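Trainee: What follows is a single structure, and I will ask about it in a moment.
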Amino acid sequence: MVKIFINNEEVLCDKNIVIVEEMLNTSSVILNNVFPKSWENDKDYVSRFYYPPDYSKCLIYDDDTLIFCGIARNTGEISLNPRYPHYCSLQILDFKDFLSQGETLDFVLTNTTVEEAINRIVNTISNYGFTLGNINILGANDIIGTYSTLEKTAYDVFNYLADITQSKWTTRMIDENTVAIDFYDPSLMPEGTKIEYTNEFFENYGINDLTFSYSTNDYRNKQVMTSDEVFGSISQAETILADGYKTQFDTEQKIGQIESITVNGVEKSFITQKEHNLGQYADFYYTPGETHFDSDGILSAGQIIVIRYTPIIKGRQIITNTIETNRIATATGRNGIVARYENRNDATTSSELQRIGQAYIQFKGTPEILLKIESTQNTWNIGQVVEFEAPLQELSTTYLVKKKTINIISTVDTIFYTYELSSNFNCENAINYFDNQRAKNGGNIGEGEFVDRNIDIENIANVIFYDTNLQEATITGDNTLNSILNSPFIN
């Protein structure tokens, strides 16, 4: 029996209850015509009005097993007609909403591993009820570059960490007070029950229908990643001769991070200008992203300054899926390159650009297959990897459970489940949605920049004319051609 509690008060709902869960999207429930169960004692639905306070905790149980927990964010839609019951309709949002619309962060991640960074972000948002779940990724011990979380939400930073490690992240409810954050490499994501194309499997798992759609709307096989400012992979060493009066010294490239400074072979101390403004002192100061550094005092003419630093440069990475390129070339007899271009100002190094591009090609560089399963059993969970032993070779592959809809028919106490599985392991639509809603800073470099995901496809074709007679147009008047297309030729 399904029971619903709002602020510890049991309520009734006279229509179907639909719970929608999706990777990287906030799960939600719409409850129509909700009223306290206590009203059933005297059947007085008209004189009372039910509208719980916004952000009330809402629980939905099935046989005392918690299946959803969230907050009543929107209330209203109550009829004021004195002849009708004054029921309330509510929208219930998963606590995951706090990840994208909660408070932004304001610290810098530097010289830390990916796993340590994930831990720090989760600890920062622990008062929202989030806890660290499973971290099963291949690059957990990789050191990330300096990355500013200023004005970014936890959602943004989790996306960044997932991008640079070619992994995925999701959430799962542990209990009514706790939501776990899980990071998985797609090859290490939890396995769900394998789908078998047999009568026995369909009967045993209560599958009413299984359909598929085969889409080639995103089979781009070449990923061009660019960034205006990333850390160079090779350190820069420059020698500067002091002139006896300047305290500011120019460098050939933008300074990302200084590694060492010597004067006449003697090591000198250095800090950032921001640290200097906070009261710290050193021999030299610098600001990341600038093409100069400053000394604390005047150096004697002729002294030799040697600075070694990691420069900030323009980054560009190109990743090609040769298998998919060959597939298109074989099918069409033409060059099979279909490119995707992306500018990522949240990536800090060229290696990060490369990993992001490789992740896209790996999971988006082939035609997407969508499976839709309608069932009466709770068989799969969001984020699971599912194998399909299909009757068609094109369908026999690995799928990601991206969306799960639970339809509860309260009148007959029946639950139906609808699962949507995808072969491409990518949730970019959800990421784009949040990027378009909120301006994002430019990672480790500066403020006020955006992540640009404008995507272009280049189509190039040869135009062949057969038995065409060309005649030069006569130029008259204002030298504008007398042609619809302003063409130099007419037929």
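Trainee: Give just the number: which of (1) over 13 Å from Ala117 (Cβ atoms); (2) touching a helix residue (DSSP H, G or I) at 6+ places or on another chain (Cβ under 8 Å) does Asp185 not satisfy?
Mentor: In the conditions (1) over 13 Å from Ala117 (Cβ atoms); (2) touching a helix residue (DSSP H, G or I) at 6+ places or on another chain (Cβ under 8 Å), Asp185 misses (2) alone.
Trainee: Still on this structure, please answer the following. Within the bounds of the range 376-394, is there any residue that is charged (D, E, K, R) and surrounded by 16 or more Cβ atoms within 10 Å (Cβ to Cβ)?
Mentor: No, the conditions are met nowhere in the range 376-394.
Trainee: Here's another thing I want to ask about it. Strands (runs of 3 or more DSSP E) wholly in the range 1-44 with at least 3 residues that are farther than 17 Å from Glu77 by Cβ - which ones?
Mentor: 2-6, 17-22, 25-36
Trainee: Another question, if that's okay. Would you confirm whether or not the range 192-208 contains a residue that is closer than 30 Å to Ile318 by Cβ and either free of Cβ contacts under 8 Å to residues at least 40 places away in the same chain or in contact with a helix residue (DSSP H, G or I) (Cβ under 8 Å, 6 or more places away or on another chain) (or both)?
Mentor: no
Trainee: Then there's this: Looking at (1) touching a His at 6+ places or on another chain (Cβ under 9 Å); (2) of a type in the set (Ser, Thr, Tyr); (3) more than 22 Å from Phe231 (Cα to Cα), which one does Ser295 not meet, given that it meets all the others?
Mentor: (1)
Trainee: Hey, another quick one. Can Thr211 be described as in contact with a Lys or Arg (Cβ under 6 Å, 6 or more places away or on another chain), over 18 Å from Val401 (Cβ atoms) and part of a strand (DSSP E or B)?
Mentor: no
Trainee: Here's a follow-up. Ile304 - would you say it is in contact (Cβ under 8 Å) with a residue 60 or more places away in the chain and among the aliphatic types (A, V, I, L, M)?
Mentor: yes
Trainee: Could you tell me whether the range 50-57 includes any residue that is touching a helix residue (DSSP H, G or I) at 6+ places or on another chain (Cβ under 6 Å), farther than 23 Å from Ile409 by Cα and not assigned by TED's automatic domain parsing to the domain that holds Asn177?
Mentor: Scanning the range 50-57 turns up no residue that is touching a helix residue (DSSP H, G or I) at 6+ places or on another chain (Cβ under 6 Å), farther than 23 Å from Ile409 by Cα and not assigned by TED's automatic domain parsing to the domain that holds Asn177.
Trainee: Please go through the range 173-200 and pick out each residue that is loosely packed, with under 15 Cβ neighbours inside 10 Å, more than 26 Å from the chain's Cα centre (by Cα) and not acidic (Asp, Glu).
Mentor: If the condition is that a residue be loosely packed, with under 15 Cβ neighbours inside 10 Å, more than 26 Å from the chain's Cα centre (by Cα) and not acidic (Asp, Glu), then Thr193, Lys194, Tyr197, Thr198, Asn199 are the ones that fit.
Trainee: Which helices (runs of 4 or more DSSP H) sit wholly inside the range 92-172 and have at least 2 residues that are out of contact with any strand residue (DSSP E or B) (no Cβ under 8 Å at 6 or more places or on another chain), touching a residue at least 24 places away in the same chain (Cβ under 8 Å) and crowded, with 16+ Cβ neighbours inside 10 Å?
Mentor: By residue number, 154-164.
Trainee: Name the one entry in Phe49, Phe35 that is farther than 30 Å from Leu24 by Cβ and surrounded by 19 or more Cβ atoms within 10 Å (Cβ to Cβ).
Mentor: Phe35
Trainee: Has the range 308-319 got at least one residue that is buried (at least 18 other Cβ atoms within 10 Å of the Cβ) and more than 30 Å from the chain's Cα centre (by Cα)?
Mentor: Within the range 308-319, one or more residues are buried (at least 18 other Cβ atoms within 10 Å of the Cβ) and more than 30 Å from the chain's Cα centre (by Cα).
Trainee: For the range 264-301, which positions are touching a residue at least 40 places away in the same chain (Cβ under 8 Å), buried (at least 16 other Cβ atoms within 10 Å of the Cβ) and over 40 Å from the mean Cα position of the chain (by Cα)?
Mentor: Within the range 264-301, Ser295, Leu299 meet the criteria.
Trainee: Let me ask something additional. Mind checking which pairs have a first residue in the range 393-413 that is free of Cβ contacts under 8 Å to residues at least 12 places away in the same chain and part of a loop (DSSP other than H, G, I, E, B) and a second that is loosely packed, with under 12 Cβ neighbours inside 10 Å and among the β-branched types (Val, Ile, Thr), Cβ under 9 Å, 6 or more apart or different chains?
Mentor: Going by the 9 Å Cβ cut-off, there are no qualifying pairs.
Trainee: In the set Thr330, Thr325, which member is loosely packed, with under 15 Cβ neighbours inside 10 Å and either among the polar types (S, T, N, Q) or within 21 Å of Ser167 (Cα to Cα) (or both)?
Mentor: Within the list Thr330, Thr325, the selection yields Thr330.
Trainee: Determine which member of the set Asn345, Asn441, Asn429 is at pLDDT below 85, surrounded by fewer than 16 Cβ atoms within 10 Å (Cβ to Cβ) and under 19 Å from the mean Cα position of the chain (by Cα).
Mentor: Sole residue among the options that is at pLDDT below 85, surrounded by fewer than 16 Cβ atoms within 10 Å (Cβ to Cβ) and under 19 Å from the mean Cα position of the chain (by Cα): Asn429.
A quick yes/no check of all residues on (1) at pLDDT 95 or above; (2) among the hydrophobic types (A, V, I, L, M, F, W, C); (3) out of contact with any helix residue (DSSP H, G or I) (no Cβ under 9 Å at 6 or more places or on another chain):
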{"site": "Tyr219", "(1), (2), (3)": "no, no, no"}
{"site": "Lys222", "(1), (2), (3)": "no, no, no"}
{"site": "Met225", "(1), (2), (3)": "no, yes, no"}
{"site": "Ser235", "(1), (2), (3)": "no, no, yes"}
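Trainee: Mind checking which strands (runs of 3 or more DSSP E) fall wholly inside the range 249-299 and carry at least 2 residues that are farther than 22 Å from Thr146 by Cβ and touching a strand residue (DSSP E or B) at 6+ places or on another chain (Cβ under 7 Å)?
Mentor: 254-263
The values are calculated or read from the model by the stated rules, or taken from the named source; none is laboratory data. What you see is a predicted model; the values in this text were computed from it and never measured. Positions of Cβ are backbone-derived with ideal geometry, glycine not excepted, and every protein chain shown enters the neighbour counts.
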